[in-house]
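The values are calculated or read from the model by the stated rules, or taken from the named source; none is laboratory data. A quick note: this is a predicted structure, and the numbers were derived from the prediction, not measured. Positions of Cβ are backbone-derived with ideal geometry, glycine not excepted, and every protein chain shown enters the neighbour counts.
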Amino acid sequence: MQHSSDEDSPYSAQPSLHHTIAHDQASVLAIAIDEASSLLFTSGTQSECIYVWNLDTYRPITKLSGHTASILTLELAPERGWLFSASGDGTVRIWDTRTLSLLYIFQQPPTEEDEDTTMGDIFSLRWSKEMQTLYMGCQNTSIRWVRLSRLRSRGRCPFTESETTTASQEQDRYGKSDMDTEGSPSRGTTQDTDYTGFLPASAMPIAPRPHKFFDSGPSGPSHSSSSTTPLSRSFSRTQSAFGVAGNHKPSPSTPPPANDSPYSHSPGRRTPELRFLPTTESAGDDQGGRLSPTFDAALDRVLRLREQSQEGPTATGADPRMSEDQSTDVARYVQLSQSCKVPNAHYGYVYSLALISLGSLRPVVLASGSGDEDVKLWDCSSKRKGQVELIATLSGSEGAVLALASWPGTLFAGKQGGSIDVWDLETMTLIRTLEAHGDDVLSLCTSVNEDGSSCLISAGADGCVARFDGNFARRDLWAAHQDAIVLSCAIVNERPRRASTRIITGGSDQVIRFWDLAPLDRGEDSLPHDGSQFPRKIGFPLTSSSHIEDPNGHVDTKTITEMSFDPLLTELAKFVSYKSVSSEARREDCRQCAHYLKQTLSSLGAQESAIIPGAPGRNPLVLSIFRARSGSPDQPRAAPHRRVLFYGHYDVISARADKTSSGWSSDPFTLSGRDGYLYARGASDNKGPVLSVATAISRLWNSRRLDVDVVMLIEGEEESGSVGFKEALEREKERIGKIDVVLLSNSYWIDDVTPCLTMGMRGVIQATVTISAASIQAASSESSAATTARTSPSPHRRGEEKDVHSGVQGGAVREPMIDMLRLLSSLSDGERVFVPDFYDSVRPVTTEERASYEAIVELLSRQSRDRDSDLDFGNTQEGHAGCQPSGRSKNAAMATVESLMARWRFPSLSIHSISVSGSGNATVIPAVVTAKVSLRLVPDQDLEVIKSSLVSFLNEQFDRLAGARPDANRLQIDVHHVADWWLGSSTSPYTCALADSISQTWSSPCPGSTAAAGISSPSSSSSSVLPLQIREGGSIPTVALLEKALGAPAVHLPMGQSSDNAHLGDERISMQHLLRGREVVERWLGKLAHLPLDCDEVGHRRTVPAK
């Protein structure tokens, strides 16, 4: 048996089989677990009863009889003490889980006027505690429901000493009981209403008139051959395994076989007899699916008569209006309302239902899966009281939807054929399809534990059970029922005495099995799938030596213990715990990180917050809007006001926790505070700055000082080239609105002590160059015909060429490695790039520009001398990493005008790697050689022109190398990422306002310090700090794109220091920089409201108009 699995996540061996129960020669079609009472309920296809087992001793307790056909599904309402069962007989029954007695029977026979009201088989039930409503998925393609808030729970558990809930308690929790007031009939009924809303259990309902479509046999019309289709492979096997042709889930468009009528008069089938009173509830009645007034009044009157006939007091803990014996010897028949249904909800049988939440506006949503291959979402908390409203149709992979399950924010759909569709409920997008089984997925269940770990269990017609972790990696796959079909599965909730996860499976082999699964690795693979489940502790070593230190060594009197109550720091600890690496293996981590960020921004005050789909199969974006809120509540600030867009990203570069080889001193995904710095992957790039800006906006909004609208657009693919960002931006332009200025914070100071303002970034072209060998046959051929393509038009296919031994073929073949080295050497001599026209558009250096670079170099040199002087005289505290210049700080101190211009001002070419096919052994000639090449572009260079020139030049050079040789190798060039350059305007009013904000923030004294925090030494008396205007040699693809798409200029605030180790081990950010950066943003947003409206500019090429 072949199974598809996650290539990176091999599954483990078979879990431990804890116990086995023989199921009375009946296939196990449904399982329900009542852990409060330690009861296990199962149903089988060859029987018409429910089996009750003791979950602790695995011994049978009793059978619950009454249905007249196989029971297809079970559902529990634990808070009411109810068990629901649905059968092929077209009825739904409510059982008391405490007395194990039958309470109510729901059925709606067809009428002369409306033959199509027959439900047929009821495949799925779902109970909503919030709505106190039972939902039913039916064979006639309809969805029905009945609201039971006024239906009273009855009975007392004979197996425990705990008291049952009293009627008055139930009334307080779930609304009115069967009687609105003691001794009075329900509202809208009369005193002389007939009792026939229910009858004693010994009287059974009459058989309804057979339905022309669902029913067949002697009493009904037979199916035409044109109305049937062959059963699917698994359903045919299921039918054979059951031993009964009719009582199974049919294929998506196949009516039941001839003997499958729940209403047919087959030999040996009991014929129920009961008269029904029609409901008094009209089709337009707005009762929300409650029981009809006829039923309420009849119930009231019978209860009063029974009370009068009682002898002696009511048993303690039981319902005061019904004795214990009387609560178990009568069942009430309930007629369902015609208005509480969605006819033709699908174009196929409704096989599965699930209840989910879509936030406070839609707290109860019903998901339905059908043979028409769609999943539909229905708002059950709609303003139309008691009705459901279709809000979405999800069309995924091929195959009927046979099972549904969910995590918060995620919906799983088990499909015919063996796959599982995974849906993001925020964006309503299919984020992946799991290849789970070799045959139909018949059952799904999920578990989200208190520690945030989660798992998905799937059962298939291939006889196997699979477990998936929080990253959707398949961790376990085993044959749970040999040569049988796994029809049902359930998870036993974690108990303190058991460390493993226990699941229960039932199969067509008439066996129930209990399995113990080893717990998943919480630290590496499980994710918090509930917004309330996040890390509670920040990894700060809260010692007396922990303190905050500014760039000049001034110590803040606030300790980390005090600062850790700041939302910026507490939320950052949660933010960095997500392994949101922008790679295929971490797609689910990124999605969950996006959901966390959306929830966090909403809690900080965003009036709108949404998950935006990215490119297919890639990470989503987060869009949040903070609307202006200023002035007193009585006199708010009048419009108009500006609108700012902040851009950031939540994805990060991969990191390993291996301290010996990865350069990390602590877990990279646990925030660790040491010596005034916060260490974690993403702390500096870019999660720390994102939250710093978000909390700045929140502080202004909460204090009614936010004079501008702020739109936060945070993507999850920046580290992978911002795939899909442009398309998402175009889709959301209307929601984003007119933007006046774009703010980003995703770069670093030139050193560790000088506040900076980033004014420009280079563009980039990234390409992969591949040379593959000609075949060995071509090399040894005497033919002079050139049969191998040499240039990029024909794509290279791996596997056509083979590595060869240098002792066998050396000198007889043209080696791809030699061609690659010669080709790369033609691109550059290390100083200049030889690509034609590469320098033609580069701006000449002006005298003023050179003077500005000389000023920067002089400033850096002076800072370095002052720092060395402080170290010589002991003016800094020993042992603090923030006091020692290192890495990029030392490079900045040794900067020259030429080196700065080479990094910022001029274009460049880099060769990053050369890789080979095969083992790479010293005696092997590789058949395929691949090189990674990039070009950095500067203002006025045209991206498309340079890209085209690069490809043409490489092809020309390769042709020159190959000549007309018959054994010429092949060249392929793949340009996989481009980003345009960006240059800001130093005269822009937005840039000037940001420069002023930086100056004011860093010129003010540090908290707890008497010295000024600035670029001067501690002994300096200067209190004025002007930010250094610098450029970055790197690229951010979205900056130029945002400017062009939104018609707004961009400003760039760097929060990190040069020694932050972004993309490296021990990535960090100064706590002082985060807090000061937040203050800068607050000041800047406050200044925008005071800028004259006529000073707006679009793009960096416009200037401020003269006054």
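Here are some notes:
- Counted as qualifying within the stretch 410-453 are the strands (runs of 3 or more DSSP E) with 2 or more residues that are closer than 16 Å to Leu394 by Cα, namely 410-415, 419-424, 429-435.
- If only residues of the stretch 409-428 that are at pLDDT 90 or above and hydroxyl-bearing (Ser, Thr, Tyr) are counted, the one that is nearest to the chain's Cα centre (by Cα) is Thr410.
- Number of the exception - Asp6 against (1) among the charged types (D, E, K, R); (2) at pLDDT 85 or above; (3) surrounded by 15 or more Cβ atoms within 10 Å (Cβ to Cβ): (2)
- Among (1) at pLDDT below 90; (2) among the aliphatic types (A, V, I, L, M); (3) outside any strand (DSSP E or B), the one test that Ala484 misses: (1)
- Scanning the stretch 818-862 for residues that are part of a helix (DSSP H, G or I) and either in contact with a Phe, Trp or Tyr (Cβ under 6 Å, 6 or more places away or on another chain) or aliphatic (A, V, I, L, M) (or both) returns Ile818, Met820, Leu821, Leu823, Leu824, Ala851, Ala855, Ile856, Val857, Leu859, Leu860.
- Residue list for the stretch 37-57, restricted to those being surrounded by fewer than 19 Cβ atoms within 10 Å (Cβ to Cβ), within 39 Å of the chain's Cα centre (by Cα) and more than 15 Å from Ala490 (Cβ to Cβ): Asn54, Asp56
- Among the residues of the stretch 935-967, those identified as small (Gly, Ala, Ser) and surrounded by 16 or more Cβ atoms within 10 Å (Cβ to Cβ) are Ser949, Ala962.
- If only residues of the stretch 910-925 that are surrounded by 10 or more Cβ atoms within 10 Å (Cβ to Cβ) and of a type in the set (A, V, I, L, M, F, W, C) are counted, the one that is farthest from Glu831 (Cα to Cα) is Val924.
- The criterion of being touching a His at 6+ places or on another chain (Cβ under 9 Å), farther than 26 Å from Trp145 by Cβ and either among the acidic types (Asp, Glu) or in a strand (DSSP E or B) (or both) holds for Asp462.
- Yes/no for Phe626 being within 22 Å of Leu729 (Cα to Cα), aromatic (Phe, Trp, Tyr) and either crowded, with 23+ Cβ neighbours inside 10 Å or in contact (Cβ under 8 Å) with a residue 24 or more places away in the chain (or both): yes
- Enumeration of residues in the stretch 818-868 that are surrounded by 13 or more Cβ atoms within 10 Å (Cβ to Cβ) and β-branched (Val, Ile, Thr): Ile818, Val833, Val835, Val842, Val845, Ile856, Val857
- Answer residue from the stretch 439-466, given it is surrounded by fewer than 23 Cβ atoms within 10 Å (Cβ to Cβ) and among the polar types (S, T, N, Q) and is modelled with the highest pLDDT among those: Thr446
- Number of residues in the stretch 455-475 that are touching a helix residue (DSSP H, G or I) at 6+ places or on another chain (Cβ under 7 Å) and within 14 Å of Phe412 (Cα to Cα) equals 3.
- The set of residues from the stretch 21-65 being free of Cβ contacts under 8 Å to residues at least 24 places away in the same chain and not in a loop (DSSP other than H, G, I, E, B) comprises Cys49, Asn54, Pro60, Lys63, Ser65.
- Contacts under 6 angstrom Cβ, first residue in the stretch 924-936 being in a strand (DSSP E or B), partner acidic (Asp, Glu), 6 or more apart: Val924/Asp803; Ile925/Glu815
- Here the stretch 467-487 is the region considered, the condition is being aromatic (Phe, Trp, Tyr) and over 26 Å from Thr45 (Cβ atoms), and the residue that is surrounded by the most Cβ atoms within 10 Å (Cβ to Cβ) is Phe468.
- Filter result (among the aliphatic types (A, V, I, L, M) and modelled with pLDDT of 90 or more) within the stretch 467-481: Leu477, Ala479, Ala480
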